[in-house]
Amino acid sequence: MNFVSDLRLALRALSINKARTFLTMLGIVIGVAVVILVVAIGLGASKSVADQINSLGTNLLTVRQGPRRIRLTAVGRAGSGSQAANRLTVQDARVIGQLFPETISAVAPQVRGNVQVRLAGVDTSSSVVGTTPEYVSVNNAPVSLGRFFNSFENEGSVRVCVLGQALCEKLTGSRLTDLTGRTILVNRNSFLVIGILAPKGAASFGPDPDDVVVVPLTVAMERVLGTSRLDQIGVSCVTPEVMPLAQQQINALLRIRHHLRPPFPESDDFQVMSQTDLLTRSQSVAQTMTMMLTAVAVISLVVGGIGIMNIMLVSVTERTREIGIRKAVGATPRDILLQFLIEASIIAMIGGLVGVVLGVGSSALLAKIAGWETVISPIALVLALVVSAGVGLFFGIYPASKASRLNPIQALRYE
Amino acid sequence: MEVAEEDQVDAHADASATGPLLRLRGITKIYQMGEQELLALDCVDLDIESGEFVAVTGASGSGKSTLMNIVGCLDVPDAGSYQLDGVEVATLDEYELAAIRNRKIGFVFQGFNLLARTTALENVEVPLIYGRRSNRTELAQQALQRVGLGDRLEHRPSELSGGQQQRVAIARAIVTEPSIILADEPTGNLASLQSEEIMQIFQQLNDDGATILMVTHEQDIARHCKRQVAMRDGRIIEDQPITERLRASEMIARMREPLPGSAGRR
Ligand SMILES: Nc1ncnc2c1ncn2[C@@H]1O[C@H](COP(=O)(O)OP(=O)(O)OP(=O)(O)O)[C@@H](O)[C@H]1O
Ligand SMILES: [Mg+2]
């Protein structure tokens, strides 16, 4: 039997009970669409995390408080919120910046916290970064409007600030409003806006990096957050190649300064991380999530396959007489097997194709409407199609072989 | 039993040098119904030559259908030997049996057994598809023309009368030009005029050289054939040529004659 007539036969059989064929297909359609959507979201998330981290610069090391100590700090660490757990000091940052000129070009000590921001009656919560002018180069954060504060303003505790565009939007309704020259309240302290940061781009994980107000370190520590410890120190290395060395130097220095005893790194109260460390860490989170969701999607694909098997079994029973007739006029077991296998595969393949269209479409829709970054991988498409065809074949085999083994006389007498 | 077999072989040795088309010896079929054993066929011996037109008659339950199914390679006997065209059927596997059913046998059932939702033409094409034949549409059309349905190619079974459905089934049986046409009560579901029309087709086919073995329990239908084999309780009790043979064409003419207002017709 040639392929075209096989196909025609299968399509005719499937068109006889359209509603049933459609419902059977639906299982596969949804399975494939969900697989594609989930993979697209997962890849999109990994990519935007990567973009975000890379946007900070590849020479950047970040010194943070150590992972070993319990963090007692709660949201908005007011008063003596950061206790013994965080021992990074401004002095630490200064020494790191001075001691290793051959490997380290600049340091940007930072304190961070959540604040209330107010402008002309509009109240919103945002995050504050208190830092030094080196922040611009170390964290790759240029201004798009106005200017960043200088070291005089920093050391003199002048109350000036630079805003991220997302915060501008929250305050005024537009990212592009020029707020320079206006005065805003940050935790009830008035600040003169002197610049707007260039956008970093929205993140699909974590807080929006553009929803921020940057103020001089001294002001942040004394007036806004009331803390004597740093949350992190951005360290800019001379070249990417010296980063491991710089990492070792910082480790050694801080261990002495903090009077730490071996074993290291177990007793460290700080950690030095490169962008690659951050990248792998947050990507592994994204990957775990993607994998879990994909597993769910694959299970739904298998459920769809069982649906196919169920319908094919019903179909074999219903068409017992037809099988008998076909055998009586010379169909071999292989002919019958093929007939039912092709039917099952067509259900799965058409379902797979529709699922691909649906998956790609909904990914695009999600990107457009929700603003999530989604990445359609061609491998995921091909895989989804192959898997759905495979599901059709696999779950079609049992009913098909059952049909092919029917005894012609019994089949003809059926009913 | 061996002696009887040899006798039979001798008796037919002169009739044809190549042997009969169909040769059954000691064919036995037993149905197991729980504790009971039911002897559906009891040592049936039968020879059919090429070109014969044989009617199998007998009471209900006498084993006619069982015999036809075995001859049609749809069922296998529990004992005995069955040779078709000199080939011992018992030695064949599933695939070879399928090929025999496809090429050497044309089966016509009492209940038509056409594929539903499938046109007459496509129904007739089915055996050609499994026989991997080319120019299927052309052959199927010719077969349908031979049974007088050249103008019903695109009709589905539900759009055809019983007689027409049976003619489609006959077209399907003859389209592969089989060695033998087997028909199990082909007129069983039909009124007398339709039955005569079916018999007319069979007689025409037989005149053209086809070998036909058909089951009927109507004596009137059996008399259209050339030879009658009567069965009872799974045995052949009578096997004789038909002397006063009926011609279906004459019967049809006679049936139509007395109808008022039919004078204008041919
Ligand atoms: N599948 C089966 N299982 C058990 N017994 C069967 C089976 N098929 C047929 N028989 C029995 O075998 C005997 C012969 O049946 P068969 O169908 O050959 O009769 P028949 O001569 O064709 O009758 P009819 O004229 O009614 O069609 C019957 O007694 C029947 O009950
Ligand atoms: Mg019968």
- prompt: So which residues in the range B:180-191 are touching a helix residue (DSSP H, G or I) at 6+ places or on another chain (Cβ under 7 Å) and within 19 Å of residue B:253 (Cα to Cα), if there are any at all?
  reply: B:187, B:190
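Residue-wise test of (1) within 30 Å of residue B:100 (Cβ to Cβ); (2) of a type in the set (Gly, Ala, Ser); (3) surrounded by 19 or more Cβ atoms within 10 Å (Cβ to Cβ).
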residue	(1), (2), (3)
A:328	yes, yes, yes
A:339	yes, no, yes
A:351	no, yes, yes
A:360	no, no, no
A:397	yes, no, no
Filtered residue count, the range B:124-148, keeping only those that are touching a helix residue (DSSP H, G or I) at 6+ places or on another chain (Cβ under 8 Å) and either within 11 Å of another protein chain (Cβ to nearest Cβ) or outside any loop (DSSP other than H, G, I, E, B) (or both): 17
- request: Would you mind stating whether residue B:223 is surrounded by fewer than 23 Cβ atoms within 10 Å (Cβ to Cβ) and in contact with a Pro (Cβ under 6 Å, 6 or more places away or on another chain)?
  value: no
field: Count of residues meeting criterion [more than 21 Å from residue B:20 (Cβ to Cβ) and more than 9 Å from ligand 1 (Cβ to nearest atom)] in the range B:57-78
entry: 1
message: So in the range B:110-142, with the set limited to residues that are at positive phi and surrounded by fewer than 17 Cβ atoms within 10 Å (Cβ to Cβ), which one is farthest from ligand 1 (Cβ to nearest atom)?
response: B:135
- request: Kindly establish whether residue A:269 is over 24 Å from the mean Cα position of the chain (by Cα), away from chain B (no Cβ under 14 Å) and more than 30 Å from residue A:336 (Cβ to Cβ).
  value: yes
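At pLDDT 90 or above and assigned to a loop (DSSP other than H, G, I, E, B), is that true of residue B:246?
Values: at pLDDT 90 or above: yes; assigned to a loop (DSSP other than H, G, I, E, B): yes.
Considered against the rule, which asks whether it is at pLDDT 90 or above and assigned to a loop (DSSP other than H, G, I, E, B), residue B:246 comes out as yes.
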- prompt: Of the residues that make up the range B:89-104, is at least one farther than 30 Å from residue B:151 by Cα, under 20 Å from the mean Cα position of the chain (by Cα) and among the acidic types (Asp, Glu)?
  reply: no
- prompt: Restricting the search to the range B:183-209, which residues are within 16 Å of ligand 1 (Cβ to nearest atom) and assigned to a loop (DSSP other than H, G, I, E, B)?
  reply: B:185, B:186, B:187, B:188, B:189, B:190
- request: Kindly state which helices (runs of 4 or more DSSP H) lie completely within the range A:83-159 and contain at least 3 residues that are modelled with pLDDT under 90 and over 34 Å from the mean Cα position of the chain (by Cα).
  value: A:90-99, A:151-155
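So for the range B:97-104 (the condition being in contact with a strand residue (DSSP E or B) (Cβ under 9 Å, 6 or more places away or on another chain), more than 9 Å from chain A (Cβ to nearest Cβ) and more than 19 Å from residue A:322 (Cα to Cα)), does at least one residue qualify?
Step one: list which residues in the range B:97-104 are in contact with a strand residue (DSSP E or B) (Cβ under 9 Å, 6 or more places away or on another chain), which gives B:100-101, B:104.
Now drop any that are not more than 9 Å from chain A (Cβ to nearest Cβ), which leaves B:104.
Now narrow it down to the ones that are more than 19 Å from residue A:322 (Cα to Cα): B:104.
Taking every residue of the range B:97-104 in turn, at least one turns out to be in contact with a strand residue (DSSP E or B) (Cβ under 9 Å, 6 or more places away or on another chain), more than 9 Å from chain A (Cβ to nearest Cβ) and more than 19 Å from residue A:322 (Cα to Cα).
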message: Just to confirm my filter: which helices (runs of 4 or more DSSP H) fall fully inside the range A:325-415 and include at least 2 residues that are free of Cβ contacts under 8 Å to residues at least 40 places away in the same chain?
response: A:333-369, A:378-404
- prompt: Among the residues of the range B:41-56 satisfying the criterion of being farther than 19 Å from residue B:103 by Cα and surrounded by fewer than 22 Cβ atoms within 10 Å (Cβ to Cβ), which is nearest to ligand 1 (Cβ to nearest atom)?
  reply: B:42
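Return the only residue of A:273, A:309 being outside any helix (DSSP H, G or I) and either in contact (Cβ under 8 Å) with a residue 12 or more places away in the chain or of a type in the set (Val, Ile, Thr) (or both). Give the steps one after another, and end with the answer.
On the way: A:309 fails: outside any helix (DSSP H, G or I).
Just one listed residue meets the conditions, A:273.
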field: Considering residues of the range B:71-96 that are at the interface with another protein chain (Cβ under 10 Å from one of its Cβ atoms) and crowded, with 17+ Cβ neighbours inside 10 Å only, the residue farthest from residue B:176 (Cα to Cα)
entry: B:75
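For every residue, the table says whether it meets (1) within 16 Å of ligand 2 (Cβ to nearest atom); (2) in contact (Cβ under 8 Å) with a residue 60 or more places away in the chain; (3) farther than 26 Å from residue B:131 by Cα.
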position	(1), (2), (3)
B:34	no, no, yes
B:50	no, yes, no
B:60	yes, yes, yes
B:65	yes, yes, no
B:79	no, no, yes
B:89	no, no, no
message: Filter the range A:241-263 down to the residues that are touching a residue at least 24 places away in the same chain (Cβ under 8 Å) and either among the basic types (Lys, Arg) or surrounded by fewer than 14 Cβ atoms within 10 Å (Cβ to Cβ) (or both) and list them by number.
response: A:257
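The values are calculated or read from the model by the stated rules, or taken from the named source; none is laboratory data. All values reported here derive from a predicted model rather than from experimental measurement. Positions of Cβ are backbone-derived with ideal geometry, glycine not excepted, and every protein chain shown enters the neighbour counts.
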